[in-house]
Protein chains: 2
Amino acid sequence: MISNTDSSEALAQRLSDSGLRSTPQREVIYNVLLKRRDHPTAEEVFARAKPEMPMISLATVYNCLEALVQCDLVRTVNFERGPTRYCPNLHPHAHFHDTKTGATHDVELPEGLIDQVKSILPPGFEASSVEIIFRGQAHATSTNPTP
Amino acid sequence: MISNTDSSEALAQRLSDSGLRSTPQREVIYNVLLKRRDHPTAEEVFARAKPEMPMISLATVYNCLEALVQCDLVRTVNFERGPTRYCPNLHPHAHFHDTKTGATHDVELPEGLIDQVKSILPPGFEASSVEIIFRGQAHATSTNPTP
DNA sequence: GGATTTACTTAGAATGATTCTCATTCCTAG
DNA sequence: CTAGGAATGAGAATCATTCTAAGTAAATCC
């Protein structure tokens, strides 16, 4: 289990690597994301951060999320024109958007899949990233937690 | 070469199959999309339609595009939070977003790739669609037209 | 250690894309 | 031919996000 202090220090490190400062607001925001990895929107993050830090403003939430994205601790996901959602970045993964419930699930990518997909690009195209989004329905089989 | 009349009739057919009417506005909008397949935004479509139909309104452009999407003649593409872009739907294809120029290129998908990508889904996940977005730079090799 | 620059936060205004409202016009079926 | 549902057009409204300005805090320089 990762202690709060560990993630704080990792956060501070990552931020300063990108020339950014560690602040109480950024820690709170990051912890909110780590606590429930359900791809919340900025508004949802705002709502979850408020109990911990009642004076925090929505603009700051956006700023902090942006900072976390900058230092590669967090990734953004967009479905159509819906609000941007945020997930703390672990492995390379795709997203599954359940059109029935609106939930977003991470889908682990097997080793090499990204390279294989990249290989379909015609000559002259250099992809720095590949995003894969599934849309459909997730029928809960046994236990299926998206922590 | 597809004549204007052919595409008009195909359009009328597709629309009525979805319980929608064929209208002059919808024809103009569809033709605008067919003429330059550069993934224009609604505003761009609006600008291109105006010379043909000066009274058309932006709301109607949105309505028409929505109608075309409904009857599967047009597909939407979204990059981050940028405005929605529209492409007349041919084969299944991925999109390559050139981060330098902002241009969008269609990337044909080899037979079976989509199924293969779908096969990485854990049990219980039924994907009705898969979207693949590349980001990077396209270095023009020989001729490379995205009409 | 104090001054100064620089980054960060905040609240609210501003923006941009899209949707909504509603009056009007157009088809289409009866 | 006429009633009723669709589609259009103009502008207002909405929603997510960004910008602005003013105030704070933290790091650097002397």
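Values for this structure:
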quantity: Flag if A:Ile114 is closer than 29 Å to B:Gly102 by Cα and part of a loop (DSSP other than H, G, I, E, B); calculated: no
quantity: Those residues of the stretch A:30-78 which are within 11 Å of DNA strand D (Cβ to nearest atom), out of contact with any Phe, Trp or Tyr (no Cβ under 7 Å at 6 or more places or on another chain) and within 14 Å of chain B (Cβ to nearest Cβ), in sequence order; calculated: A:Thr41, A:Tyr62, A:Glu66, A:Val69, A:Val77, A:Asn78
quantity: Residue among B:Val107, B:Val69 that is without any contact (Cβ under 8 Å) to a residue 40 or more places away in the chain, under 27 Å from B:Asn31 (Cβ atoms) and within 16 Å of DNA strand C (Cβ to nearest atom); calculated: B:Val69
quantity: Hey, A:Glu80 of a type in the set (Asp, Glu), in a loop (DSSP other than H, G, I, E, B) and closer than 17 Å to B:Leu121 by Cα or not; calculated: no
quantity: Members of the stretch A:44-69 that are closer than 12 Å to A:Asn89 by Cβ and surrounded by fewer than 18 Cβ atoms within 10 Å (Cβ to Cβ); calculated: A:Val69
quantity: Some residue of the stretch A:96-106 being assigned to a loop (DSSP other than H, G, I, E, B) and on the phi > 0 side of the Ramachandran plot; calculated: yes
quantity: Residue list for the stretch A:72-83, filter: on the phi > 0 side of the Ramachandran plot and within 11 Å of DNA strand C (Cβ to nearest atom); calculated: A:Glu80
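Bear in mind that the values in this text are calculations on the coordinates, not laboratory data. None of the values given here were measured: they were computed from a predicted structure. FYI the Cβ positions are ideal-geometry reconstructions off the backbone, even for glycines, and counts take in every protein chain you see.
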